[in-house]
Amino acid sequence: MNEYHILNLGAGVQSTALYLLSREPDAKFRFDLAVFADTGEEPTAVYRHLDYLRALGAPDIWVRAAGKLGDDLVNGRNSTGQRFASIPAFTKGPDGKVGIVRRQCTKEYKIDVCERAIRRELLGLKPRQRIPKGVILHQYFGISTDEAARAERAKKRFEGVKHTVPHWPLIEMGWSRKDCLAYLKDKLPHEVPKSSCVFCPYRTNQAWLTLKQTDSDGWKRAVEVDRALRDKGSVVTRGFRQELFVHRSCVPLDVIDFTKLWPNTIDPLTTGECQGMCGL
Ligand code: SF4
């Protein structure tokens, strides 16, 4: 029997806590490796945080990518430039009703990337080749007790999946996000940054304001991709009659005055999450 223990590392608070917990002398779980699926669009602080974790040496962290998500929305993913994976952008219908686009980014840039790394690189399988008998993949997820709905959705992903045993150690330990933060306090020389694409529409007004005030490169990129969502030359605009926006007000990002919005109000349309462990 070949058993592998793999951490889905989103590089946010919870999965960072799991990573560091596994290095404790009395750890209840250990990882053979951690996989970070990189959309190429994280804030600089996340890449710095990843470098810090990787420098610890073990367990090994694989950073793998399917491309650069924002560029692929503009140019497409295949040689004909037709293919793209939608992000959960907002649209406004003629009746003024705001809707949200069904996203494919989580699956294609997060979940599939991790699966491919495990199948092809760890197990050496060819595309569509079955996982051999006797191989068990233990996949670990940093979901805490305050994310019950997220845990349920994640569990569904593995229903009927052979060879893979999902684990949610933080839930088993009864740890909330607050517990993770308390644990991390003395473990790192920096705060764990929020991990998600800089233009991800799953963001509160407060989070947009913080991005604008603290990460000029990230903000510039978010504005650039927001504009590209309405550029007639972008692949992503094909097939959509209505214009796309990253902010739920359906106003271009760079003209919004976030200091005049309700910064701490959590909008139900922005509380979705990237189940590919974007750390949201
Ligand atoms: S962070 Fe947002 S935009 Fe990026 S992959 Fe996840 S859901 Fe998509």
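The values are calculated or read from the model by the stated rules, or taken from the named source; none is laboratory data. As the structure is a computational prediction, the values presented were derived from the model and not from experiment. Cβ atoms come from the backbone with ideal geometry, glycine included; neighbour counts cover every protein chain shown. The area values use the complete protein model at the heavy-atom level, side chains included, leaving out ligands, DNA and RNA. Shrake-Rupley method; radii C 1.70, N 1.55, O 1.52, S 1.80 Å.
Annotations
- Within the range 1-59, the residues that satisfy the criterion of being farther than 21 Å from M173 by Cβ and aliphatic (A, V, I, L, M) are M1, L33, V35, A37, A45, V46, L50, A55, L56, A58.
- Count of the range 185-200 residues which are modelled with pLDDT of 90 or more and either charged (D, E, K, R) or in contact with a strand residue (DSSP E or B) (Cβ under 6 Å, 6 or more places away or on another chain) (or both): 4
- Contact map, the range 200-211: first residue open to solvent by 20 Å² or more (accessible area, probe 1.4 Å), second residue among the hydrophobic types (A, V, I, L, M, F, W, C), Cβ cut-off under 7 Å, separation 6 or more or different chains; pairs are Y202/C274; Y202/L280; T204/I266; N205/F258; N205/L261; N205/W262; L209/F258.
- Only one entry in R48, R102, R128 is in a helix (DSSP H, G or I) and open to solvent by 70 Å² or more (accessible area, probe 1.4 Å), namely R48.
- Any hit, the range 74-86, residues being surrounded by fewer than 19 Cβ atoms within 10 Å (Cβ to Cβ) and in a helix (DSSP H, G or I): yes
- Residue ID - farthest from T204 (Cα to Cα), chosen from residues in the range 73-131 that are of a type in the set (D, E) and free of Cβ contacts under 8 Å to residues at least 24 places away in the same chain: E115
- Checked against the criterion of being among the acidic types (D, E), away from the ligand (no atom under 14 Å from the Cβ) and at pLDDT 90 or above, the range 26-35 contains one or more residues that satisfy it.
- When K187 is tested against the conditions (1) without any contact (Cβ under 8 Å) to a residue 40 or more places away in the chain; (2) over 22 Å from the mean Cα position of the chain (by Cα), the lone failure is (1).
- Across the range 131-147, the qualifying residues are those that are in a loop (DSSP other than H, G, I, E, B) and within 16 Å of the ligand (Cβ to nearest atom), and the one among them that is most open to solvent (accessible area, probe 1.4 Å) is E147.
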